[in-house]
1. LEU403 passes all but one of (1) crowded, with 21+ Cβ neighbours inside 10 Å; (2) in contact with a Phe, Trp or Tyr (Cβ under 8 Å, 6 or more places away or on another chain); which number fails?
2. Looking at LYS38, is it touching a residue at least 12 places away in the same chain (Cβ under 8 Å) and either of a type outside the set (A, V, I, L, M) or in contact with a Phe, Trp or Tyr (Cβ under 7 Å, 6 or more places away or on another chain) (or both)?
3. Return the residues of segment 76-98 that are in contact with a Leu (Cβ under 9 Å, 6 or more places away or on another chain) and over 19 Å from SER165 (Cα atoms); say none if nothing qualifies.
4. Among the residues of segment 440-451, how many are more than 17 Å from LEU181 (Cα to Cα) and either crowded, with 20+ Cβ neighbours inside 10 Å or in contact (Cβ under 8 Å) with a residue 24 or more places away in the chain (or both)?
5. Can you name every residue in segment 50-73 that is over 29 Å from ALA280 (Cα atoms) and either assigned to a strand (DSSP E or B) or of a type in the set (Val, Ile, Thr) (or both)?
6. Determine, yes or no, whether SER192 is crowded, with 18+ Cβ neighbours inside 10 Å and within 18 Å of VAL365 (Cβ to Cβ).
7. Out of LEU156, LEU114, LEU91, report the one residue that is of a type in the set (A, V, I, L, M) and in a helix (DSSP H, G or I).
8. Could you tell me how many of the residues in segment 282-300 are touching a residue at least 24 places away in the same chain (Cβ under 8 Å) and either surrounded by fewer than 18 Cβ atoms within 10 Å (Cβ to Cβ) or aromatic (Phe, Trp, Tyr) (or both)?
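The values are calculated or read from the model by the stated rules, or taken from the named source; none is laboratory data. Owing to the predicted nature of the structure, the values given are computational and were not obtained by experimental measurement. A quick note on method: Cβ atoms are made from the backbone with ideal geometry, for glycine too, and the neighbour counts reach across all protein chains shown.
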Amino acid sequence: MDIVFHGAAGEVTGSCHLVEAAGRRVLLDCGMVQGDRKADERNAAAFPFDPASIDVLVLSHAHIDHTGRVPLLVKRGFSGPIYTHPASVDLASIMLADAANISAMDAERDNRHLPQGEPPSVPLYEQADVDAAVALMRPVEYGAAREILPGIRLTLRDAGHILGSATVELDAEESGTARKLVFSGDLGPSHSPILCDPAPVPDADLVVMESTYGDRLHKSREDTIAELASIFAAAHADGGNVVIPAFAVGRTQEILYFFAEHFEDWRLGAFKLFLDSPMAIRVTEAYDRHEDLFDAEAKRLWAARPHPLHLPNLERTLDGEASRRINDIHDHAVILAGSGMCTGGRIRHHLRHNLANPAAHIVFVGYQASGTLGRIIVNGARHVRLFGEEIPVRAQVHTVGGLSAHADRDGLSGWYGRIAGHPPVCLVHGEDPGRAQLADTLRAKWGSDVTLPVPETRVVV
């Protein structure tokens, strides 16, 4: 069994790893690059392998940095089955349709200002390509071993990152030799709301593990709740809006969960609450359809009052006109909108109308990749450019790190430490030097043989 790393090797987005075993080729994830200035160019580039040569695609979860190029893979010749958890099938169909729509709008905008003689922009893929990809998806439940190719068996385990997220186990046997590759996918933190904790893996010959926060520790849940409470208390006193860029999958549902849990404590009844993201609204409804995956605490809250989806003052804005009306409100509005890194979507309009207001609070509740507008604001920019305007940043900016959907250094080390024999590990899905610090931790604590792959690195299992 060999694995070649084609994406998320030294960076966080663009997850894509090719496994060759038993004479077959299995692709783990096919994600979109995000945040990079050359992201569009990189996403449209040729794959470093022939898509038609891939026998099977396995998706760890539905986030776009793990699934975003799947329709393009199909468009360019892949026709095999796509295995993933049933909830990931549900979410991926929503998220990929949104990605196709964004790509179409971007192409249309570019073509409005196309210089004479330049070829027109075309979308990366269209809805028909999304439909073709979703038609290839085959659901696999957690813990149900399944032979996906002769001599290759797949098992998914709950990764606790988002609904349906999975750690992938590939068992391959050829000429009497058996090997097991474990791909962590994205691992969630223990004791996070809604989801179960990441499931342990008993053994492996090689572990491919994410390292997004391999160099830091998250705040405790108690400290995070206290920080959010202080932000809402300050917003009451200051009289401005609270603007929260939030990922449509996972983070939005977690924030709504906290709103329901602390509705009275945070005096949220005094605010107008807006969920201003058509995709997040559809995803939140999908969470409702998969309540069986929730942890016991979340099941109790979901059955209690107020239900996170039906807070008494929550308005879910599907159409653009309703979204634009929010910008007429200058105080005591809480606006949850995407995209989570502020690279597109409705959040940019809300930032345009709130960044210059010293009474406003901008609350970042997720990872901000290098080069994104979110990272620029978090890094302390005094001005940002939005819609051709220079907007001063006078609002109060908060980074609430304890809400991460990724395990921190100790969480990653602890999950790996439960694998028998502490096998060799390749660290992916992390920026340097952060993953290098995690490598040092694993070597010191577990005596691990650690590799930091770069694109095209090949490792023999």
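1. For LEU403, the failing item is (2).
2. Against the criterion (touching a residue at least 12 places away in the same chain (Cβ under 8 Å) and either of a type outside the set (A, V, I, L, M) or in contact with a Phe, Trp or Tyr (Cβ under 7 Å, 6 or more places away or on another chain) (or both)), LYS38 does not qualify.
3. Once the filter is applied, which keeps residues that are in contact with a Leu (Cβ under 9 Å, 6 or more places away or on another chain) and over 19 Å from SER165 (Cα atoms), segment 76-98 yields PHE78, SER79, GLY80.
4. Result for segment 440-451: 5.
5. ILE54, VAL56
6. yes
7. LEU91
8. 7
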